[in-house]
Amino acid sequence: MTVLRINRAGAASTVQDSGRIGTLQLGLPPAGAMDHPALVSGQHLLGHTQDEAAIEMAYANTEVTPDSSCLIAVTGAPVSLWVDGAPACDTEVLKIGAGQRVSIKARSHGVYSYLHVSGGIATPAIFDSRSTSVREGIGGLAGTYLRDGDQLPIGFANSDVITSNVSLPLPESTPTLMLRFVPGFQYELLTEQAMSSLLESEFKVTSRANRMGVALSGDPVNTGVTSLLSEATCYGAIQLPGDGNPIVLLNDRQTVGGYPKPGAVIRSDCRRLAQARPGQRVRFAPCTPQEADRIAWLEQHYLETRLR
Amino acid sequence: MFEIGPAGECGIRLIFSGEPHEALTSKLLSIQHSARQCFGTELIDSVVGYTTLTLFFEPHNIERDRAIAWLQESADADTDEAFLAQLAARPVVVLPVWYHPSVAPDLEWLAEENALSIDTVIDLHSDPTYFAYATGFAPGFCYLGTTSPKLAVPRLATPRSEVPAGSVALADQQTAVYPGPSPGGWRLIGSCPLRLFNLKAAPPALLTIGDSVRFEPVSESEFRALGGSG
């Protein structure tokens, strides 16, 4: 079996696939790739027919060496790539020889990049997923971020590889990112003033942004509600803690919570938010569930036609 | 009285008004159980909270209006008798606890604060059979209620950065056992030597919503024989 040696792990690199389903009541978050379309496009590039895991790198600064030849692809936030010190194309499938060094460095925009290896990262699956959930200490090699010197097992490769460039470009960053959300939960309890802070003011992505969620700062949204009976959170839920600064909950969120939530950001915008760097301006805009369905359908259609 | 509304683009949430109570939790569990049977694998996940049930699905697999209508009908109906009988037949989970200041930094403080002897605190805590209302906070964490009003205590203003696994804790009129080392703001009055969450066990969590739970005082030697440390 091929082994991928992690010479340099980088700040927050983890093994991720599409994540877990059916574990919320146990208190286990779904985890999974923060930029799911980027994960899927890499799986497609390497001809993976199953949900093979990749290495998710936040602000990539990673170097790896396989012990036998393999194919790799990098997707998600754009990176600079070197093989044994020579610059290489970061949007194509590359053949890497045994013992070669692949260096990956983040460029100027986006957060999460994915290193895919033909055959997929073959660490053991827990609840049918290899995704790492650091807080719960499960998935990946030891339930932790990857560390320098780790050796990751690689699965058996599929020979049916797409060689043309079908990478999925990260959407251009925009001065103000619109976060469309489906109102719900405690939306009706918001005072007029809180509602206008939420809907009419601009927020900024702070440095407290990670796999659990993205904390925003701006005009505080004071709900006056201090704590509620614990109930399910969800992907994209806008949580309003006492200080009034919204936190958008993402893949590694706590599965239940007692803070007021006026709704949940749609998936498509969650992905853009996850890829936004601190300082990015954002605004909230309500949208109906039907509109959210239409956007999800269009994105899926775009992904499928790009990857055809 | 209940309401149904969206929980994001892939979820529907049912919430009952009023305070949590055992019969409501049983009803929510019963609806969750039939949702799993009715929608099968198209139901991605579901979560029972104190007064809520949230169902998650792909709207292109389960039509949203159909889910809402189903939930409406289920919430209106009486709780399924067969399910209630199953729930009532679950054995009481007994959790051994060593109540001792060396593993319970708040035991003496709580006794003094509430003008009780330590023995009375132990009796008041280990006497009732509690009901498991909700899970969450961390895998294996279960909110148990309702404790004696004589034991009611506020949470710590600043949570401890690390509470040891097995810590038996109180807050307001709830009690719980911390499954793993984690930050925590509840008051610690004892230690349970059993593992509350173990991925290799089936099911992985020792406690689940709807369980009846009792605490049993044990001596230091029994605590250690059961695997306790601290």
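Computed from the coordinates by the stated procedures, all read-outs in this text should not be read as laboratory data. Given the structure is predicted, the values throughout are model-derived calculations rather than measurements. For neighbour counting, all protein chains shown are included, and Cβ atoms are generated from backbone atoms with ideal geometry for every residue, glycine included.
Output the peptides B:152-160, B:68-76, A:196-204 sorted from most to least packed, where packing is the average of other Cβ atoms within 10 Å over each peptide's residues. Numbers along the way, then the final one.
Numbers: B:152-160: 12.6, B:68-76: 14.9, A:196-204: 16.7.
Packing order, densest peptide first, comes out as A:196-204, B:68-76, B:152-160.
Apply 1/(1 + (r/R0)^6) to the Cβ-Cβ distance of B:Arg66 and A:Asp128, taking R0 = 22 Å, and write down the FRET efficiency to the nearest 0.05.
Result of the calculation: an efficiency of 0.25.
Taking each residue of B:133-141 in turn, how many C-beta atoms of other protein chains fall within 10 Å of its C-beta, and what is the average? Write out the running numbers ahead of the final one.
On the way: counts 2, 5, 7, 13, 7, 6, 11, 4, 2.
The mean count of partner-chain Cβ atoms within 10 Å per residue comes to 6.
Once you have all Cα-Cα distances for the stretch A:3-153, histogram them in 10 Å bins from zero and send the whole-percent values.
Result returned by the calculation: 13, 46, 34, 7, 1.
As an exercise, find the ratio Rg/Rh for the stretch B:93-225 from alpha-carbon atoms, using the Kirkwood inverse-distance average for Rh.
Using only Cα positions, Rg/Rh for the stretch B:93-225 is 0.93.
Can you figure out the FRET efficiency of B:Ser102 with B:Ala152, using R₀ = 30 Å and their beta-carbon distance, to the nearest 0.05?
Working: r = 25 Å, r/R0 = 0.82.
So the FRET efficiency works out to roughly 0.75.
Roughly speaking, what % of Cα-Cα pairs in the stretch A:62-114 are separated by over 17 Å, rounded to a whole number? Write down the numbers at each step before the final one.
Values: 396 of 1378 pairs.
Here the long-distance tail beyond 17 Å is 29 percent of all Cα pairs in the stretch A:62-114.
Defining a contact as two alpha carbons under 8 Å apart and six or more residues distant in sequence, what relative contact order in percent does the stretch A:3-153 show?
33
Which whole-number percent of Cα pairs in chain A have a distance greater than 28 Å? Before the final figure, lay out each step's value.
Values: 18391 of 47278 pairs.
When all Cα pairs of chain A are counted, 39 percent exceed 28 Å.
Among the lysines, which fall within straight-line cross-link reach of B:Lys200, defined as a Cα-Cα distance under 21 Å, with same-chain neighbours fewer than 8 residues apart omitted?
none
Compute the Cα gyration tensor for the stretch A:1-51, then decide on rounded, prolate or oblate, letting a ≥ b ≥ c be the square roots of its eigenvalues: rounded whenever a/c is under 1.5, prolate when a/b is larger than b/c in the other cases, and oblate in all that remain. Before the final figure, lay out the partial values.
Working: a/c = 1.93, a/b = 1.30, b/c = 1.48.
Here the stretch A:1-51 falls in the oblate category.
Per residue Cα convex hull volume for the stretch A:243-283, in cubic angstrom?
Working: hull volume 4.4 nm³, N = 41.
Spread over its residues, the Cα hull of the stretch A:243-283 gives 107 Å³ apiece.
Could I have the simple spin-label model distance between B:Asp119 and A:Thr206, label points 7 Å from Cα toward Cβ, reported in nm to one decimal?
Result for the modelled spin labels: 5.1 nm.
Would you mind ranking A:Cys234, A:Cys89 by Cβ crowding within 10 Å, fewest neighbours first? Kindly include the intermediate steps, with their values, before the conclusion.
Working: A:Cys234 27, A:Cys89 11.
If I rank by nearby Cβ atoms, fewest first, I get A:Cys89, A:Cys234.
Can you pull the Kirkwood radius for the stretch B:116-171, inverse mean 1/r over Cα pairs, to one decimal in Å?
Final number for the Kirkwood radius of the stretch B:116-171 is 13.0 Å.
In Å, what Rg and Dmax follow from the Cα atoms of the protein assembly as shown?
24.6, 76
Would you list, by chain and number, the lysines whose Cα falls below 20 Å from the Cα of A:Lys261, excluding same-chain residues fewer than 8 positions away?
A:Lys204
Once you keep just the Cα pairs under 8 angstrom separated by 6 or more residues, what percentage relative contact order results for chain A? If you can, show how the numbers build up before the last one.
Working: 812 pairs, mean separation 62.1, N = 308.
Relative contact order here is 20 percent.
Radius of gyration and Dmax for the stretch B:31-98's Cα atoms, expressed in Å?
15.2, 52
Between A:Leu229 and B:Glu73, what FRET efficiency comes out of the Förster formula 1/(1 + (r/R0)^6) with R0 = 25 Å and r the beta carbon distance, rounded to 0.05?
Details: r = 24 Å, r/R0 = 0.97.
Using R0 = 25 Å, I get an efficiency of 0.55.
What are the semi-axes of the equivalent ellipsoid for the stretch A:176-306, taken as the square roots of 5 times the Cα gyration tensor eigenvalues, largest first, in whole Å? Please list the in-between numbers first.
On the way: eigenvalues 106, 51, 44 Å².
One finds semi-axes of 23, 16, 15 Å for the stretch A:176-306.
Let me know the mean shielding of B:52-62 by other chains, meaning the per-residue number of their Cβ atoms within 10 Å of its Cβ.
On the way: counts 7, 2, 7, 1, 7, 0, 2, 6, 4, 0, 0.
Counting other chains' Cβ atoms within 10 Å and averaging over B:52-62 gives 3.
Given points 7 Å out from each Cα along the Cα-Cβ axis, report the A:Gln50 to B:Ser17 separation in nanometres with one decimal.
Placing both labels 7 Å beyond Cα along the Cβ direction yields 5.1 nm.
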